[in-house]
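Asker: This is the structure, below, for whatever I ask next.
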Amino acid sequence: MSLLFSYLDAGTGSIVIQSLIGIVAGIGVFGRKFLASFGHRIRGMFSRADSGNHSDKP
Amino acid sequence: MKRRVSQPDHDGGSFRDPAGFIFMHRGAVYRQINRSGQADYDFFIKSGLYGKLAGEGLLVAHEDIKSLNDIPSDEQRYKLIRPAPIPFISYPYEWTFSQLKDAALLTLQIQRTALSFGMILKDASAYNVQFIGRRPVFIDSLSFRIYKAGAPWDGYKQFCEHFVAPLALAVYSSPDILKTLRAYIDGMPLLAVRDLLPTRAKLHKGLLAHIYLHAASQKRYDRVEPGAAAKQPKISRLALEGLISSLTKTVNRLDLPKQKTEWGDYYNDTNYSQSALTAKKKIVKKYLEKISPKPKIVWDLGANDGTFSEIAAGLGSYVVASDVDSLAVELNYTKNRSLVLRDMILPIIQDLANPSPALGWAHAERRSFEQRGPADAVMALALIHHLAISNTLPFNKIAEYFAQLGKYLIIEFIPKSDSKIQILLHRRVNMFEDYTQENFEAAFGIYFTTVAREPVRGSKRVIYLFKVKPTKIAHDK
């Protein structure tokens, strides 16, 4: 069994530009992921605090 | 007794990827996976990616075939699979704008899913997508490769040439430009597309990146100096996700400006009264029900927005609804339909005066329109006058061609007095003296027998049900 590499010519110019676009767009993806997880944590804190309040009720 | 071994019939368009190929055998489609594609294919199955994509209807499902006894042995062969059949193979140069856009978005969705399973698409050909009615499905189960950290997407250039470039040209010029994909079956060269786009296209952030800067980068780096070492930048997983996200946004933001179709208002702007239209629908339904056995595949030629295709689909036939007007096909593709009808009607662009030819290497990579037939039944409603008058095709030529396309033909004859013909005859008053019902019947009588013939109440039009004469065409050869 032998491993195959690409049968397509990916093109050096296309690889160079995809790395540049990827870095710029990747920062956006990272930012969105960070904001999403940050928002999730904040919501988590409030929901825990919220459920804690309920449990304090007699 | 020695078993007879028949050579598998290789698909003419399946030869580039050494990981395997498609072949036809005893009327069914199979895919051979070669030993060189074994590692990637096994990972594709075991990682759960295949199950996820096939389960969601994004990828054509397949069944494993243990062996086929009557094909020759092949030491390259690792496995055989039988993909679920696609009722009609269509090509990107026959798709309307939204079909190409949906195919692009499907490819990107599959790429995202593949990455989350530790795989990557190794190519991004538009020919890897087919349509089942309105639903795009990915058909190449050998397009997946195990992802290696830092590896770029080899299919990025192909994705831009097959999808981004033609979609951008369609938006900034005309959706008809997509028909030129016939000439560019390996995708549109970005340098040429950059020169064809208007300057204002640079204001589109996605096109600036994926067309203009991409083309400039190709021009700068694609010239390989002899002896130069192939040094390629690595691309992080996050950058790859960013690239896919950027492409998705770019494709999503490409939309056609609102335009009027040539025949898009046909049913609202006709000399048909509502009662005549209802009568016509009844005749078409009655004729379809008369055909025995029930047609599995119907080709509706000149289908416009698919009003009559819906009748055939409602009776259980899969309908290939073709029209020359790309905006009418767009309207047909985006029309609101029930879930059942959505999967039963495939709208495609087809100019019958210049139908899709066989294309590619040895004219065998992409089949002609006719080679994908014959259909069980063909419908040609409100079409004959376009062919006979607009395209000056003699009746006998039309009859001869239609006899190649299907086993039955439902065709509407429209007399010269019809308002639609009067529009076509404007400035050509003294021509087409032989455009008569008698000549029509005589020409079609050479190739067909008349099963039924009925005037449309409330109009001067007549609808025929013809059956092709077996002596004229060997459909089941």
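Asker: Does B:A209 count as within 14 Å of chain A (Cβ to nearest Cβ), surrounded by 18 or more Cβ atoms within 10 Å (Cβ to Cβ) and of a type in the set (A, V, I, L, M, F, W, C)?
Answerer: yes
Asker: Read through the list (1) more than 18 Å from B:F138 (Cα to Cα); (2) within 14 Å of another protein chain (Cβ to nearest Cβ); (3) surrounded by 20 or more Cβ atoms within 10 Å (Cβ to Cβ), then give the number of the only condition that B:L108 fails.
Answerer: With (1) more than 18 Å from B:F138 (Cα to Cα); (2) within 14 Å of another protein chain (Cβ to nearest Cβ); (3) surrounded by 20 or more Cβ atoms within 10 Å (Cβ to Cβ) applied to B:L108, the lone miss is (1).
Asker: Is there a residue being of a type in the set (V, I, T), out of contact with any Pro (no Cβ under 6 Å at 6 or more places or on another chain), under 12 Å from B:S141 (Cβ atoms) and within 14 Å of chain A (Cβ to nearest Cβ) anywhere in region B:42-49?
Answerer: No, because not a single residue in region B:42-49 is of a type in the set (V, I, T), out of contact with any Pro (no Cβ under 6 Å at 6 or more places or on another chain), under 12 Å from B:S141 (Cβ atoms) and within 14 Å of chain A (Cβ to nearest Cβ).
Asker: Please state which one of B:G302, B:G242 is modelled with pLDDT of 95 or more and not assigned by TED's automatic domain parsing to the domain that holds B:Y156. Don't jump to the end; show me each part of the working.
Answerer: Values: B:G242 fails: not assigned by TED's automatic domain parsing to the domain that holds B:Y156.
Answer to the selection: B:G302.
Asker: From the list B:I139, B:I146, which one is within 14 Å of another protein chain (Cβ to nearest Cβ), closer than 24 Å to B:R31 by Cβ and surrounded by fewer than 24 Cβ atoms within 10 Å (Cβ to Cβ)?
Answerer: B:I146
Asker: Could you figure out which of (1) more than 27 Å from B:L115 (Cβ to Cβ); (2) more than 12 Å from chain A (Cβ to nearest Cβ) isn't true of B:P189?
Answerer: (2)
Asker: How many residues are assigned to a loop (DSSP other than H, G, I, E, B), closer than 19 Å to B:H162 by Cα and at pLDDT 95 or above when one looks only at region B:186-235?
Answerer: Residues meeting the conditions: 5.
Asker: Determine which single condition B:S459 fails, assuming it passes every other condition in (1) under 31 Å from the mean Cα position of the chain (by Cα); (2) farther than 30 Å from B:P293 by Cβ; (3) hydroxyl-bearing (S, T, Y).
Answerer: The failed condition is (1).
Asker: Ok, one more. Out of the residues in region B:19-54 meeting the condition of being outside any helix (DSSP H, G or I) and among the β-branched types (V, I, T), tell me which one is surrounded by the most Cβ atoms within 10 Å (Cβ to Cβ).
Answerer: First, the residues of region B:19-54 that are outside any helix (DSSP H, G or I): B:19-34, B:47-48.
Retained after the next criterion (residues that are among the β-branched types (V, I, T)): B:22, B:29, B:33.
Numbers: B:I22: 20, B:V29: 20, B:I33: 22.
Applying the filter and picking the extreme gives B:I33.
The values are calculated or read from the model by the stated rules, or taken from the named source; none is laboratory data. It should be emphasised that the depicted structure is a prediction, and the values quoted were computed from it without experimental measurement. With ideal geometry, Cβ positions are generated from the backbone for all residues, glycine too; neighbour counts draw on all protein chains shown.
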